[in-house]
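Values quoted throughout were computed directly from the atomic coordinates according to the rules given, and no laboratory measurement underlies them. Small disclaimer: the values here were computed from a predicted structure and weren't measured. Every residue, glycine among them, receives a Cβ derived from its backbone with ideal geometry; neighbour counts consider all protein chains shown.
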Amino acid sequence: MRKAVSAVRRAVFLLCGLPLLSLTMVRSISAQTGESASGATISVDVNLVMLPATVTDRKGNFVPGLQPSNFHVFEDGIPQTIRIFQHEDVPVAVGLVVDNSSSMRTKREDVSVAALAFIDSSNSKDQMFVVNFNEHVTFGLPAGDAFSSTRSDLDQALNGVPANGMTALYDAIEAGLDHVQQSPLDRKVLIVISDGGDNASHRTLKQVLDTGGHANVLIYTIGLFDEDDTDRNPGVLKKIARETGGEAYLPEKIGELTRICKRIAEDIRNQYSIGYVPANRKYSGTYRNIRVTATGPHGEHLSVRTRSGYLASPQGEEVTTAHGKLP
């Protein structure tokens with residue numbers, strides 16, 4: 001039976017690149033492997049919208065042990081039915097997008113130390129990569145190595161480029177969003193360390209946000225600023241994080257950076273994954289707003305951070321997972 005379930009999950013995962021995921025196809029795959037469909041007859045094509053959700057109490061502590069009944073999901077104000085629910089520490093694909101422009105020269109050592117602290121605090125099976133950027137965007141790992149979980153490889157990737165030149169922040173984030181899709185892992189994250197300024201990109205902020213609206217990728221941003229930095233733009237970092245379900249950190253002191261990176265690693269490892277099929281099946285290419293609320297076991301109000309929405313393209317929004325519970 002376990003082999004059959006694994007085969008089904010692998011088969012479902014292979015469908016992730018398609019614009020639509022047909023549950024009829026999943027049921028057919030299940031039958032081919034000898035897995036029972038539990039008498040269910042499902043004959044419609046559906047799109048699953050997946051939400052990574054971080055839940056904290058009033059003190060900012062992570063809240064474990066919640067069930068689907070503790071959550072309420074709304075799309076454009078309309079309640080949605082939770083179809084997939086998961087809360088466990090599973091491997092994640094992570095891209096470290098690091099500013100190597102001239103304005104970051106004095107901060108590079110602290111950035112490397114903090115990034116390594118994040119690596120040390122992460123799941124040992126995470127798939128990681130490094131995007132270094134000034135006016136040019138380069139990948140830190142050797143050619144042919146898309147990802148690594150080896151600390152020494154990632155250390156070398158973080159320190160292989162001197163800090164100089166201008167800043168192509170938007171191009172670097174676009175490159176990271178594209179590259180992370182190569183990972184077969186369901187959950188995907190970018191961590192962007194920069195001053196938020198951009199004076200060299202071919203891409204625009206709108207294009208980055210549009211790409212992020214289609215991708216199921218959390219983006220955490222960390223803003224490091226100098227008082228005389230005329231290119232600093234914390235608003236951009238806040239906007240990118242907010243619209244993708246991540247969080248923006250703007251430390252006042254560089255010494256806070258390591259603590260922040262450890263906090264992000266803890267955040268990722270404590271997230272819930274929630275999936276629903278939109279009640280509105282008309283994919284008109286419009287942006288749909290998402291709101292998730294949660295209450296504790298005793299009815300107490302909890303804070304939930306997740307994606308603010310997504311673009312419902314005419315072909316349908318395809319976001320699915322090979323894991324989780326499908327009631």
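Students often get this wrong, so check it: of Lys107/Lys206; Lys107/Lys238; Lys59/Lys206; Lys125/Lys206, which have C-alpha atoms separated by over 30 Å?
In this structure, Lys59/Lys206; Lys125/Lys206 lie more than 30 Å apart at Cα.
Residues with beta-carbon under 10 Å from that of Lys107, excluding Lys107: net charge, scoring Lys, Arg +1 and Asp, Glu -1?
Here the charged neighbours net out to -3.
Please go through the range 54-132 and write out the trypsin sites (Lys or Arg not before Pro) that DSSP classes as loop and that have at most 16 other C-beta atoms within 10 Å.
Arg58, Lys59, Lys125
Name the shape class, rounded, prolate or oblate, that the alpha-carbon gyration tensor gives for the range 132-214, where a ≥ b ≥ c are the square roots of its eigenvalues, rounded holds for a/c under 1.5, and otherwise prolate holds if a/b is larger than b/c and oblate otherwise.
oblate
Quick check: the distance between the Cα centres of the range 247-284 and the range 186-221, to the nearest angstrom?
13 Å
State, to one decimal in nm, how far the label point of Arg269 lies from the label point of Thr81, with both points 7 Å from Cα in the Cβ direction.
Taking the simple label geometry, Arg269 and Thr81 are separated by 3.6 nm.
How large is the Rg to Rh ratio of the range 137-183 when both quantities use alpha carbon positions and Rh follows Kirkwood?
Rg/Rh for the range 137-183 comes to 0.97.
If you average the sequence gap of Cα pairs under 8 Å that are 6 or more apart and divide by the length of the range 127-269, what percent do you get for the contact order?
About 19 percent, as a whole number.
In 10 Å bins starting at zero, report the fraction of Cα pairs in the range 187-306 per bin as a rounded %.
P(r) for the range 187-306, in whole percents per bin: 11, 36, 33, 16, 4, 0.
Contact order normalised by length for the range 130-212, with contacts defined as Cα pairs under 8 Å and 6 or more residues apart; what percent is it?
Reported as a whole number, the value is 33 percent.
With N residues in the range 42-135, what two-decimal value do you get for its Cα radius of gyration over 2.2 N^0.38 Å?
For the range 42-135, the normalised Cα radius of gyration is 1.55.
What order, most packed first, do the peptides 89-101, 250-262 have when packing is the mean number of other Cβ atoms within 10 Å of each residue?
89-101, 250-262
If you average the sequence gap of Cα pairs under 8 Å that are 6 or more apart and divide by the length of the range 175-219, what percent do you get for the contact order?
Relative contact order here is 58 percent.
Would you mind computing, in nm to one decimal, how far apart the modelled labels at Lys125 and Gln181 are, each placed 7 Å from Cα along Cα→Cβ?
2.6 nm
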